[in-house]
Amino acid sequence: QVQLVESGGDLVQPGGSLRLSCAASGFADSYYAMNWYRQAPGKERELVASISSVGGVRSYADSVKGRFTVFRDNAKNTVYLQMNSLRPEDTAVYYCNARVFVLTLVRDYWGQGTQVTVSS
């Protein structure tokens, strides 16, 4: 069945870098988007990066443009979020999301979340 397994969250210093991984399994050959969300305490969930399964079209939240990069390794069925120049405001739980499109239906799958803390 569909499963998303996240890893890579850690405690890092401001200005540091971190790479998050999301290993996906159980998907059919359908169109889907892989997304990274984050949520800090007391704040709403924020979409930070997205990449499509076909064409590799990417998008980013304004707050992370120029610092974060989302990419995928199709052979490993893994999506990554490379985070550079990290700031304390990047501290949040980061979630991997797969949004699957079947005709006009949309179905969401979520990873368990991984904590990213940016602090001196």
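The values are calculated or read from the model by the stated rules, or taken from the named source; none is laboratory data. The model shown is predicted, which means the values in this text are computed figures rather than measured ones. Heads up, the Cβs are rebuilt from the backbone with ideal geometry, glycines too, and the neighbour counts pull from every protein chain shown. The accessibility values were calculated without ligands, DNA or RNA, using every heavy atom of the protein model including side chains. Shrake-Rupley method; radii C 1.70, N 1.55, O 1.52, S 1.80 Å.
Residue count for the stretch 45-54 under the criterion of being open to solvent by less than 70 Å² (accessible area, probe 1.4 Å) and either farther than 16 Å from TRP110 by Cα or not aliphatic (A, V, I, L, M) (or both): the result is 4. For the stretch 5-21, the set of residues classified as in a strand (DSSP E or B) and within 22 Å of GLU89 (Cβ to Cβ) consists of GLU6, LEU11, VAL12, LEU18, ARG19, LEU20, listed by residue number.
Residues in the stretch 106-118 that are in a strand (DSSP E or B) and closer than 19 Å to ALA24 by Cβ were compared, and the one that is least open to solvent (accessible area, probe 1.4 Å) is THR114.
Take the conditions in a loop (DSSP other than H, G, I, E, B) and open to solvent by less than 70 Å² (accessible area, probe 1.4 Å) and apply them to GLY42. Does it pass? So GLY42 does not fit the description; no. In this structure, is TYR37 assigned to a strand (DSSP E or B), touching a residue at least 12 places away in the same chain (Cβ under 8 Å) and either open to solvent by 70 Å² or more (accessible area, probe 1.4 Å) or out of contact with any Leu (no Cβ under 7 Å at 6 or more places or on another chain) (or both)? For TYR37, the condition - assigned to a strand (DSSP E or B), touching a residue at least 12 places away in the same chain (Cβ under 8 Å) and either open to solvent by 70 Å² or more (accessible area, probe 1.4 Å) or out of contact with any Leu (no Cβ under 7 Å at 6 or more places or on another chain) (or both) - is not met.
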